[in-house]
Amino acid sequence: MTLTLYHCPDWASQIIRLALEELALPYEVHPMDWEAGDFDAPGFRAVNPLGLIPALETPEGPMFETAAILLWLNARHGGLGPQLHEAEATAYLSWLLFVANTLHPTVMTMIHPDRTAGETAAGEAGRLALERVMTQAAFLETLITTRQPVWLTPEQPALGHYLGMLFRWAICLPEDPDLRFSLAPFPALTAVLAAHEATPAARSLAAADGLGAHPYTAPEAA
Ligand SMILES: N[C@@H](CCC(=O)N[C@@H](CS)C(=O)NCC(=O)O)C(=O)O
């Protein structure tokens, strides 16, 4: 089965690349260059009309949206999270979609507050987004300490890597150092991310893409 991932290192497509690596699936990478206008190219818009990555070409048609691709890969190949017929799916789907619909856009607002609020209100938007991410991280901390879900261990690594990339960006990408996230108040979440950044798949991708030795827990901008 031929899979082609439209990808930039350290962008959201990295989450899908990590899943493909964890599954040891063969795939091709279609490198994307923002400056060269690749995101507006008609060929790419035929794959993802929204012009965003990740996008994945599959033998059954193109896919986009991180969570959708993770769920499809898991349905096809297993190993990334619970299957729909399993009891753990109720909690897993709820938290995966919380991450995709709530945490992911809030982290994007931390990184690009001007896109949400315009240049003049960007500082306040960034501050409020950081506050919301702190609250959302606290929800995750409680989840991990009370439930210790198997779908937040490297045994079922999709959501752990998704969180790892989001917190990586929240820690190192906001322009204002005072508006960057810290994992310090969240030891259980930190342990989950540390376990995921230590998987062989994460280590080899981090080395290949220059993401450092601790891309989730002690990240530096690539
Ligand atoms: N909800 C989308 C968000 C994807 C997204 O924001 N992708 C960014 C890269 S991190 C992108 O392609 N940005 C290009 C742009 O904004 O034009 C998903 O989860 O797939």
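Any read-out appearing in this document is the output of simple, stated calculations on the displayed coordinates, not a laboratory observation. Bear in mind that the values here come from a model prediction, so they are computed numbers and not experimental data. Cβ placement follows ideal geometry from the backbone for every residue including glycine, while neighbour counts extend to all protein chains displayed.
Can you tell me the dipole magnitude for the chain around its Cα centre, using point charges on the Cβ only (Lys, Arg +1; Asp, Glu -1), in Debye to the nearest 20?
500
Find out how many positive minus negative residues lie around Leu5, taking Lys and Arg as positive, Asp and Glu as negative, among other residues whose Cβ is under 11 Å from that of Leu5.
Summing Lys/Arg as +1 and Asp/Glu as -1 gives -2.
Only helical DSSP H runs with n ≥ 4 go in: add -39500 (n - 2.57) per run for the chain, normalise by residue count and round the 222 nm mean residue ellipticity to 500 deg cm²/dmol.
That calculation yields -15500 deg cm²/dmol at 222 nm.
What are the residues whose amide H is under 5 Å from the amide H of Ala55, where those residues sit 5 or more places off or on another chain and H is modelled from the backbone?
Distant-sequence amide H within range of Ala55: Tyr6.
Answer with one residue from Ile171, Thr142, Pro157: the one whose Cα lies farthest towards the positive end of the charge dipole of the chain, charges on Cβ with Lys, Arg +1 and Asp, Glu -1.
It is Thr142, whose Cα lies furthest towards the positive end.
Taking square-rooted eigenvalues a ≥ b ≥ c of the alpha carbon gyration tensor, is region 89-200 rounded, prolate or oblate, where a/c under 1.5 means rounded and, failing that, a/b exceeding b/c means prolate?
prolate
Based only on Cα atoms, what mean projected area does the convex hull of the chain have, in nm²?
12.0
Could you point to the residue in Ala122, Ala213, Trp95 farthest towards the positive end of the chain's charge dipole, with +1 and -1 charges on the Cβ of Lys/Arg and Asp/Glu respectively?
Farthest along the dipole direction, towards plus: Trp95.
Residue by residue, what Karplus-based ³J(HN,Hα) values in Hz, rounded to whole numbers, does region 28-43 have, using 6.51, -1.76 and 1.60 with θ = phi - 60° and x for Gly and Pro?
10, 9, 9, x, 10, 10, 4, 4, 7, x, 4, 6, 9, 5, x, x
Net charge around Glu28, counting only other residues with Cβ within less than 14 Å of its Cβ (Lys, Arg = +1; Asp, Glu = -1)?
For residues surrounding Glu28, the net value is -1.
Taking amide hydrogens as modeled 1.01 Å from N in the peptide plane, which residues meet the under 5 Å criterion relative to Leu3, leaving out close sequence neighbours?
Amide H to amide H, under 5 Å and 5 or more residues apart or across chains, Leu3 pairs with Glu28.
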